[in-house]
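The values are calculated or read from the model by the stated rules, or taken from the named source; none is laboratory data. Given the structure is predicted, the values throughout are model-derived calculations rather than measurements. Please note: Cβ atoms are built from the backbone with ideal geometry, for glycine as well, and neighbour counts cover all protein chains shown.
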C-alpha cells in the first residue's frame, strides 16, 4: 500500500484535526503519533532508526494511506523519495502559539517523562530522545530556538517540495483548500476541530512502560 499524502507539519499544528479530515475524505487510515502510542510495537521501527538502523518504509506504513504528525513528519524527504507520487501537506499555525501549545502538551515535563523516564519502554525512550535531540538539540523549552527550528523546517519543505505537490495548510481554513488540493468534493459536514490544549490535558493517559 502506498502513501497518498505525506504530512510534513510539526505536531501541534492541527495534525490530529488533519488526520480526522483525511480519514473522512478517503485518505485513511492516517498514521499519527497516536497510532504509535496505541500500538506500542510500532515504536520498534522508529527506535531502530534512532539507533542507526535502516527503515523498511513499506513495512512501517503497511495499511496506511497517509501520515501526519511526528514521527513521520521528521522524515518527509525520505517518504517523498519512497512515494514520489504522494502529495505533501504542511500544516502550520502562528509560531508563538505553536510553541506555547507544545510547552503545555507534548513538551511538558510530565509528558516527556512518560516516554523518556527510567521506567518507560526502551523503544519509546529511543524514539523520543532521538526526536528531541535530532530536531531541537534538546532545547525545545527555549522559545526563540524552538521557533527558529520550526520556521527553518517549514521553509525547507516549501523550498524543496514542488509547488504543484504542496499545500501549506492552516486547519482553520477548513475543507475548501484541502479538498481542492486533493481533488475531492467537500463533505456535507463541519470540518473537524479536535485536540485543543484543554482537550489534550484532560485526556486520560496510560503509562508507556518497558
**Complete:** Per the list (1) buried (at least 17 other Cβ atoms within 10 Å of the Cβ); (2) closer than 21 Å to residue 18 by Cα; (3) out of contact with any helix residue (DSSP H, G or I) (no Cβ under 7 Å at 6 or more places or on another chain), residue check on residue 97 breaks on (1)
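This table checks each residue for (1) at positive phi; (2) in contact (Cβ under 8 Å) with a residue 60 or more places away in the chain.
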{"position": "52", "(1), (2)": "yes, no"}
{"position": "60", "(1), (2)": "no, no"}
{"position": "63", "(1), (2)": "yes, yes"}
{"position": "89", "(1), (2)": "no, yes"}
**Complete:** Scanning segment 40-52 residue by residue, the ones that are more than 16 Å from the chain's Cα centre (by Cα) and either outside any loop (DSSP other than H, G, I, E, B) or exposed (fewer than 10 other Cβ atoms within 10 Å of the Cβ) (or both) total 8
**Asked** How many residues, within segment 62-101, are within 18 Å of residue 26 (Cα to Cα) and touching a strand residue (DSSP E or B) at 6+ places or on another chain (Cβ under 6 Å)?
**Response** 8
**Prompt:** Any idea which residue in segment 21-39 is farthest from residue 130 (Cα to Cα), counting only those that are crowded, with 19+ Cβ neighbours inside 10 Å and modelled with pLDDT of 95 or more?
**Reply:** 25
**Prompt:** Can you tell me which residues in segment 110-121 are more than 16 Å from residue 69 (Cβ to Cβ), part of a helix (DSSP H, G or I) and touching a residue at least 60 places away in the same chain (Cβ under 8 Å)?
**Reply:** 114
**Asked** Does residue 100 fit the bill of being part of a helix (DSSP H, G or I), more than 14 Å from the chain's Cα centre (by Cα) and either in contact (Cβ under 8 Å) with a residue 24 or more places away in the chain or under 14 Å from residue 146 (Cβ atoms) (or both)?
**Response** yes
**Asked** Within segment 122-155, how many residues turn out to be free of Cβ contacts under 8 Å to residues at least 24 places away in the same chain, surrounded by 14 or more Cβ atoms within 10 Å (Cβ to Cβ) and closer than 13 Å to residue 74 by Cβ?
**Response** 4
**Request:** Just need a number here: residues in segment 165-207 that are at pLDDT 60 or above and in a loop (DSSP other than H, G, I, E, B).
**Result:** 14
